[in-house]
Amino acid sequence: MSAQPAAANAATSPETITRTVLARRAQEPGALLPILHEVQDALGHVPREVVPQIAEALNLSRAEVHGVVTYYHHFRSEAPGRHVVQVCRAEACQAMGADALFEHAEQRLGCHAHGGHGSTSDDGSFTLNPVFCLGLCASSPAIVIDERLHARMTPERFDQLIGKLEAAA
Amino acid sequence: MSAAPITVYVPRDSAALAVGADEVADTLQAECARRGIALNLVRNGSRGLFWLETLLEVATPRGRIAYGPVQPEDVAGLLDAGLLNGAAHALCHGPTEQIPYLAKQERLCFARMGVTDPLSLADYEAHEGWSGLRAALAMPGETIVQQVLDSGLRGRGGAAFPTGIKWKTVAAAQAAQKYVVCNADEGDSGTFSDRMTMEGDPFMLIEGMTIAALAVGATRGYVYIRSEYPDAVATMSEAVVRAQAAGFLGDDILGSGAACTSRFARRPAPTCAAKRPRCSKASKAGAASFARSRRCRPSKACSASRPSSTT
């Protein structure tokens, strides 16, 4: 689930990766979610073109697979930025300034989320998503950067963390 | 390095990791290595004193002594001050168990939380782990159900549904395959006891689900974990591997012939923004059809973790 697995798999097409996952998983009971997770973990998203392939292997309709992919916020149909930043916007974090932190993150990352959904910066560096409760309510506000949690966040610390990512790029 | 290693606890709960516990642990290891001190580092769960995270504890003849909140840059100074002897320091809170917040609590389902290494089977066993499962393996399913009925155990998800009634219903249902499904999807802000259970005492959940499976005749279990809890996913996954390797899960639990295997449904966050009605501006039509029963919490006694059981 790293934010940048695509480069490692550049030589391998989404169809090939999906075929490998399906070969291993398709016969399991309740296979769809684990398959979608593995495909996204490998590719960073679940490309639209592999939906028919998954549907056929599981004897489901494309609509059923599409429905699951789009129902869950976690699954992306579009490739994310190189880093995925999630800012918790649930009540406890809101009470500790999460809304202002989210606006700060939008400015800093150049991501402008519309209607509460995620967005990716023009240069493809960052995807910013709202998230609803990381279970760190007692240490709010909390954020996630590439699957690592950070609590008691301030705009200054946020800039430090992002600065480190940019310096490492 | 002739002295016996000194045991230091640095939590691995995500509330500690999110404020730098890994960096504190790394710094401590590096500083001790540099000073030639033998260290036994234990990554325990959280005591729940979040304002003191990262809460570091040192095992001393006086018991565990607490220091917090510790930042990586505090470590060298703490060692200079005699941290490993439990010496005084501005960050020292004395014996952990005597911190007023903890001293006035009677912990039941959280009794092991923060005390043990959550992934240590030896720790779990030494703190009453598996005693409920061992007792359950010696009884027929209906006796387990009757004991749970008699205990008055109830769900802790809000409806307080009697656990024994639920188990009895599932036990009576006819099905070729029954499942125990643990819904660990707590999305309400301010509640994270499911997260703490999975990260801080995962074998309790596995044991409780296995007891439920024995009681109702299920042989497969699912834990539904939110993708907002990456550390819980990691800890539970590892706990299942270890429980399986030690014979507490699988086709022949502890040589009893009983079977229970566990799988994870790592729950991807739904598009409806955690499906909470009050976030309606982010909700989408159709989400309601996926609404699940409220989460269930581990309950006291017999470490039955009270997963919701369905056929």
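Observations on the model:
- Residue match in segment B:163-171 (condition: within 14 Å of another protein chain (Cβ to nearest Cβ) and either part of a helix (DSSP H, G or I) or exposed (fewer than 14 other Cβ atoms within 10 Å of the Cβ) (or both)): no
- Sole residue being touching an Asp or Glu at 6+ places or on another chain (Cβ under 8 Å) and either within 14 Å of another protein chain (Cβ to nearest Cβ) or more than 23 Å from B:Ala18 (Cα to Cα) (or both), chosen from B:Gly48, B:Gly94, B:Gly82, B:Gly63: B:Gly63
- Residue in segment A:74-94 that is under 21 Å from the mean Cα position of the chain (by Cα), in a helix (DSSP H, G or I) and of a type in the set (Phe, Trp, Tyr) present: no
- In segment B:6-13, the condition of being farther than 27 Å from A:Leu161 by Cβ and surrounded by fewer than 16 Cβ atoms within 10 Å (Cβ to Cβ) is met by at least one residue.
- Residue satisfying condition, being more than 12 Å from every other protein chain (Cβ to nearest Cβ) and in a loop (DSSP other than H, G, I, E, B), within set B:Ala243, B:Ala218, B:Ala213: B:Ala218
- Annotation note: Cβ proximity below 7 Å between a residue of segment B:88-101 that is within 16 Å of B:Ala59 (Cα to Cα) and polar (S, T, N, Q) and a residue that is outside any strand (DSSP E or B) and at pLDDT 95 or above (sequence gap 6+ or interchain) occurs for B:Thr96/B:Arg47; B:Thr96/B:Leu102.
- Filter result for A:Asn59 (polar (S, T, N, Q) and within 14 Å of another protein chain (Cβ to nearest Cβ)): no
- Subset of segment B:101-116 that is closer than 29 Å to B:Ala234 by Cα and hydrophobic (A, V, I, L, M, F, W, C) - its residue that is farthest from the chain's Cα centre (by Cα): B:Leu102
- Considering the conditions (1) free of Cβ contacts under 8 Å to residues at least 12 places away in the same chain; (2) on the phi > 0 side of the Ramachandran plot; (3) under 13 Å from the mean Cα position of the chain (by Cα), A:Arg148 is excluded by exactly one of them, (2).
- Of all residues in segment B:48-65, at least one satisfies being assigned by TED's automatic domain parsing to the domain that holds B:Gly36 and touching a residue at least 60 places away in the same chain (Cβ under 8 Å).
- Residues in segment B:177-199 that are within 11 Å of chain A (Cβ to nearest Cβ) and in a loop (DSSP other than H, G, I, E, B): B:Gln177, B:Asp185, B:Glu186, B:Gly187, B:Asp188, B:Ser189, B:Gly190, B:Thr191, B:Phe192.
- Residue check, A:Gly135 in a loop (DSSP other than H, G, I, E, B), more than 14 Å from chain B (Cβ to nearest Cβ) and not hydrophobic (A, V, I, L, M, F, W, C): no
- Criterion applied to B:Leu149, B:Leu119 was being farther than 30 Å from A:Arg89 by Cβ, away from chain A (no Cβ under 14 Å) and over 14 Å from the mean Cα position of the chain (by Cα), and the one residue passing it is B:Leu149.
- Here segment B:104-116 is the region considered, the condition is being surrounded by 16 or more Cβ atoms within 10 Å (Cβ to Cβ) and of a type outside the set (Val, Ile, Thr), and the residue that is farthest from B:Glu207 (Cα to Cα) is B:Gly114.
- Checking each residue in segment A:8-47 for being loosely packed, with under 15 Cβ neighbours inside 10 Å and under 16 Å from the mean Cα position of the chain (by Cα) picks out only A:Asp41.
- Close Cβ contacts (under 7 Å, 6 or more residues apart or on different chains) running from residues in segment B:221-237 that are within 12 Å of chain A (Cβ to nearest Cβ) and surrounded by fewer than 24 Cβ atoms within 10 Å (Cβ to Cβ) to residues that are in a helix (DSSP H, G or I) and of a type in the set (Asp, Glu) comprise B:Asp231/B:Glu199.
- Hey, B:Tyr124 within 30 Å of B:Asp26 (Cα to Cα) and touching a Phe, Trp or Tyr at 6+ places or on another chain (Cβ under 7 Å) or not: yes
- Check on B:Glu207, at pLDDT 90 or above, away from chain A (no Cβ under 14 Å), surrounded by fewer than 23 Cβ atoms within 10 Å (Cβ to Cβ) and under 14 Å from the mean Cα position of the chain (by Cα): no
- Residue count for segment A:75-114, restricted to those that are farther than 18 Å from A:Leu136 by Cβ and within 8 Å of chain B (Cβ to nearest Cβ): 1
- Looking only at residues in segment A:138-169 that are facing chain B (nearest Cβ under 8 Å) and assigned to a loop (DSSP other than H, G, I, E, B), the one that is surrounded by the most Cβ atoms within 10 Å (Cβ to Cβ) is A:Ala142.
The values are calculated or read from the model by the stated rules, or taken from the named source; none is laboratory data. Values in this document were obtained by computation on a predicted structure and should not be read as measured data. Because the Cβ atoms are built from the backbone with ideal geometry, glycine has one as well, and the counts that use them run over all protein chains shown.
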